[in-house]
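Shown next, in structure tokens, is the structure this report addresses.
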Amino acid sequence: MARPFTTFNFKVLLQLPAAQGTVCDAEFSECDGLELSHEPKTIREGGNNRRQIHLAGPVSYGQLTLKRGMTSDFGLWRWFERVHDDRALRASGEVRMLSSGRGTTDVRFSLTGCLPVKVKAPSLNAKDGGIAIEEMQIAYETLRLAE
């Protein structure tokens, strides 16, 4: 019997190419923008007015938005700053949906060509601990389901 996938246990990992290291191994309260879509191309067949033919057009991808995250370092901030020096710098990443016990990964979404678009610091509050990211937006070139 298949178990349902839950959306409240997930983890985000981002890696730079070769030995440049890990950008992010963090948890966020929200992750949105894992999406892809085809823009259909419609063709009319001559003399057939009752039917259209739809062909898959170019694929477009969403933009990953991560909100209210906790990390143990400033890797995401440094990656954002490094892109200013090396505009071709891209990361690869995974969003992992974890099992209810958090011991295993149920589903992995694999992203390539990740580019930081926006990083936003949280409001500063003396009651909170840790290093937090209020919001991070990441453009990506491809998205694949890697079960």
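Worth a mention:
- Put simply, of ARG51, ARG90 the only residue that is over 16 Å from the mean Cα position of the chain (by Cα) and either within 18 Å of TYR140 (Cα to Cα) or surrounded by fewer than 12 Cβ atoms within 10 Å (Cβ to Cβ) (or both) is ARG51.
- Of the residues contained in segment 115-124, one or more are found to be out of contact with any Cys (no Cβ under 8 Å at 6 or more places or on another chain) and loosely packed, with under 10 Cβ neighbours inside 10 Å.
- Here is the figure for segment 88-127: residues that are over 24 Å from TYR61 (Cα atoms) and touching a residue at least 24 places away in the same chain (Cβ under 8 Å) total 4.
- The residue that is nearest to THR142 (Cα to Cα), among those in segment 69-87 that are modelled with pLDDT under 85 and surrounded by 13 or more Cβ atoms within 10 Å (Cβ to Cβ), is GLY69.
- Qualifying residue in segment 131-143 (condition: part of a loop (DSSP other than H, G, I, E, B), crowded, with 17+ Cβ neighbours inside 10 Å and in contact (Cβ under 8 Å) with a residue 24 or more places away in the chain): yes
- If you go through segment 83-130 and keep only what is in a strand (DSSP E or B) and in contact with a Pro (Cβ under 9 Å, 6 or more places away or on another chain), you end up with ALA91, SER92.
- Looking only at segment 54-87, residues that are over 23 Å from ASP25 (Cα atoms), among the hydrophobic types (A, V, I, L, M, F, W, C) and within 15 Å of the chain's Cα centre (by Cα) come to 0 in all.
- Some residue of segment 35-52 being in contact with a helix residue (DSSP H, G or I) (Cβ under 7 Å, 6 or more places away or on another chain), farther than 17 Å from LEU145 by Cβ, part of a loop (DSSP other than H, G, I, E, B) and not basic (Lys, Arg): no
- Of all the residues in segment 20-35, those that are exposed (fewer than 13 other Cβ atoms within 10 Å of the Cβ), of a type outside the set (D, E, K, R) and at pLDDT 95 or above number 0.
The values are calculated or read from the model by the stated rules, or taken from the named source; none is laboratory data. Computed from a predicted model, the values in this text were never measured in an experiment. Heads up, the Cβs are rebuilt from the backbone with ideal geometry, glycines too, and the neighbour counts pull from every protein chain shown.
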